[in-house]
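Undergrad: Sharing a structure here in structure tokens format.
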Amino acid sequence: MALYRFSNLKTPLNASEADILLFAATALRIPPKGIRNLRVVKRSIDARKKPKILFVLQIEFSWDGAAPKGADPIERSSLDIPVLRFPKSTSKAPVVVVGAGPAGLFAALALAEAGRKTILLERGKPVETRMKDIGALRASGVLDPESNVCFGEGGAGAYTDGKLYTRVKHPFVRSVFKTLVEVGANPGILVDAHPHLGTEKLVAIVKRLRERILKAGGEVRFESRVESLLLNDGAAVGVKLSSGEEISADVVVLAIGHSARDTLESLERSGVRLEAKPFAVGVRAEHPQELINRSQYGAKKIPVLGAASYALTHQAGKRGIYSFCMCPGGFVVPSPTEPGLMAVNGMSNSGRSTQYANSGVVVQVSPEDLPGKGPLVGIAFQRQLEAAAFKAVSKEYHAPAIRISDFLKGKASGSLAGSNFRPGLQACDIRELLPKWVSDPLVEGVRAFSRKLKGYDSREGNLIAVESRTSSPIRMTREKDFQAVGIAGLYPVGEGAGYAGGIVSAAVDGLRAAEAILT
């Protein structure tokens, strides 16, 4: 029997496997009895004609007759993902991987499983302990600068929504998904058009990735902050830790994440070539989840679909405004990494079951927008906004906020809408915290969003400041072989190096660097 793939098969939300078979047979104009091994390999939602909402499926099946019209012959199923194997290493020299986010974890795993002596260094704590430190910040406003939403095992992505959607078109994407399923992710991530893991699931997944690295012979060290790079004759030869310990290696992989500002400053002093790159800043919008459900689905709740999400964009002149890291049924969380600064982000558990939805609403920033020169101007601007947010409230690590309706009217809020942000919100005119070239496009963008999503400008929603860690504001320049320009043996990877934007793209970048090291 030949194997075929058919796309754009629309079915009701309650369609059973038997129903899907009949819908497929009708669409393909072939007898259902002849269809074998039918399986859904991709699923998305079509809510354009609500209240009639449909699933849109891509299916694969076996068929022994003439090729059905509209179906494409394929050699293997997209769910049959080959095992990713790199050449076994014969080198005895150690590799140091700095940072245990997605890029660092996947690079370290690939290197260790290929037989290379691998030392993974993480400045923060293990993912289980890290949860307690984040809990202390949310409950009591106590910040640990080395263990928080951004720093610690799993990286910043471990405490978001665990989104796995990516625009990256590389064969390693499916390998990343396969590995995640092997360490405990729901196999549904292989099918859903916009898959996510959920924060509480990521904790266990990250722990199992660590265990797999250890089983392969790798070493994982926590609370090991790299203070400087060791160089000799234009090559990386190791790292120096904040404890004073020096670790020798002939390869150093930098997977430091987007918030390791002190590390970036040290790298610039060491002569690593950095360049400023565009990023985005803004606020985090929080609405009742039922409001978003009604706008997107036409009902306050449809259990089979779960909490509704959105993705919105607007162009204000030459400046783009867009929603970022949308977390249905989630929490807004404090995400500072330095004392005296305040930033926020969003997260959701796998069930996306809280009564609030949140999303970043951010404005594009280019290096040319900023005063000063040099590669670190974006970091200085982030700190400026975060300092203003911190000073705007009377209690440490509470967040300044405003009702969305008041933000559009240009006035401070006398009271705030409901929220699950902890440790707490304080009413503030957040326009005063942002430069006019950011706040004015935000106003225009939110108004535009309200025309696309009913109720977005409602008094029931808040804007919470400040969303400043959307991506790294710098890029570490590198060659086609993934080595840093001018420094042999140094491999900058992932979001912190400016080459990724999310869990999957960072993991893929880590794998590609490992491939370059091993081949």
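Undergrad: Lysines near K300 by alpha-carbon distance under 29 Å, same-chain residues fewer than 8 away left out - which ones?
TA: K10, K42, K49, K50, K52, K163, K201, K409, K452, K454
Undergrad: I would also like to ask the following. Okay, which of the range 62-103 sit inside 18 Å, backbone N to the point 7 Å along the Cα-Cβ direction of N37?
TA: Of the residues in the range 62-103, 62-68, 71-83 have backbone N under 18 Å from the label point off N37.
Undergrad: Place the peptides 177-185, 139-147 in order of packing, highest mean first, counting for every residue the other Cβ atoms within 10 Å and averaging per peptide.
TA: In descending order of packing, they fall as 177-185, 139-147.
Undergrad: List the residues, sorted by chain then number, that are 5 or more residues from V41 or on another chain and whose placed amide H is less than 5 Å from its amide H.
TA: Long-range HN contacts for V41: Q58, I59, E60.
Undergrad: How far is it, in nm, from the label point at K49 to the one at A66 when both lie 7 Å from their Cα along the line to the Cβ?
TA: Using points 7 Å along Cα→Cβ, the separation is 3.0 nm.
Undergrad: Next question, about the same structure. Using amide H atoms built 1.01 Å from N in the peptide plane, name the residues 5+ places from V220, or on other chains, whose amide H lies under 5 Å from its own.
TA: The list, which skips near neighbours in sequence, is L120.
Undergrad: In whole Hz, with x marking every Gly and Pro, tabulate ³J(HN,Hα) for the range 12-29 from phi via Karplus 6.51 cos²θ - 1.76 cosθ + 1.60, θ = phi - 60°.
TA: x, 5, 9, 5, 7, 4, 5, 5, 4, 4, 5, 4, 5, 4, 5, 5, 8, 6
Undergrad: Set Lys and Arg Cβ to +1 and Asp and Glu Cβ to -1, take the dipole of the chain about its Cα centre, and tell me which of P375, A235, P435 lies farthest positive.
TA: P435
Undergrad: If contacts are Cα pairs under 8 angstrom and at least 6 residues apart, what is the relative contact order of the chain in percent?
TA: The value is 18 percent.
Undergrad: Kindly put M1, M347, M476 in sequence by how many other C-beta atoms sit within 10 Å of each C-beta, fewest to most.
TA: M1, M347, M476
Undergrad: ³J(HN,Hα) across the range 181-192 via Karplus (A = 6.51, B = -1.76, C = 1.60, θ = phi - 60°), whole Hz, x for Gly/Pro?
TA: Per-residue couplings from phi come out as 5, 4, 9, x, 5, 4, x, x, 5, 6, 10, 5 Hz.
Undergrad: A further question on this structure: In what sequence do D429, D457 fall when counting other Cβ within 10 Å, fewest first?
TA: Going from least to most buried by this count: D429, D457.
Undergrad: Suppose R0 equals 25 Å. What FRET efficiency, 1/(1 + (r/R0)^6) with r the Cβ-Cβ distance, do E211 and D80 give to the nearest 0.05?
TA: According to the calculation, E is roughly 0.45.
Undergrad: Could you work out how much longer the chain between R174 and E265 gets when fully extended? Use 0.36 nm per residue separation minus the Cα distance between them, nm to one decimal.
TA: Working: separation 91, 0.36 × 91 = 32.76 nm, distance 3.49 nm.
Additional length available on full extension: 29.3 nm.
Undergrad: Next up: Could you tell me the calculated FRET efficiency between K132 and R29, based on Cβ-Cβ distance and R0 = 45 angstrom, to the nearest 0.05?
TA: Once rounded, the FRET efficiency stands at 0.15.
Undergrad: Same structure, new question: Which one, F331, L341, L111, is farthest towards the positive end of the dipole of the chain when Lys and Arg carry +1 and Asp and Glu -1 on their Cβ?
TA: Sorting the options by dipole projection puts first F331.
Undergrad: Per residue of the chain, what 222 nm ellipticity follows from adding -39500 (n - 2.57) for every DSSP H run with n ≥ 4, rounded to the nearest 500? Walk me through the numbers on the way to the answer.
TA: Values: 11 runs with 139 residues, N = 519.
Per the formula, -8500 deg cm²/dmol.
Undergrad: Explain nothing, just the number: dipole magnitude of the chain about its Cα centre with +1 on each Lys and Arg Cβ and -1 on each Asp and Glu Cβ, in debye rounded to the nearest 20.
TA: 1760 debye
Undergrad: Next question. 7 Å from Cα along Cα→Cβ at both H194 and M1: what's the point-to-point distance in nm?
TA: 3.4 nm
Undergrad: Oh, and also: What list of ³J(HN,Hα) couplings, whole Hz, do you get for the range 265-272 from phi and the Karplus terms 6.51, -1.76, 1.60, once you set θ to phi - 60° and write x for glycine and proline?
TA: Per residue, the Karplus-derived 3J(HN,Hα) values read 5, 5, 5, 4, 5, 7, x, 5 Hz.
Undergrad: Can you give the relative contact order of the range 281-364 as a percent, counting alpha carbon pairs under 8 Å and 6+ residues apart?
TA: RCO, the range 281-364: 39 percent.
Undergrad: Further, regarding this structure: If the cut-off is a Cα-Cα distance under 17 Å, which aspartates and glutamates reach K117, setting aside same-chain residues fewer than 8 apart in sequence?
TA: E211, E219, E246, D250, E515
Every read-out reported here was derived from the displayed coordinates using simple, explicitly stated rules and does not represent laboratory data. Just so we're clear, the structure is a prediction, and the values are computed from it rather than from any experiment. As a convention, Cβ positions derive from the backbone with ideal geometry for all residues, glycine included, and neighbour counts pool all protein chains shown.
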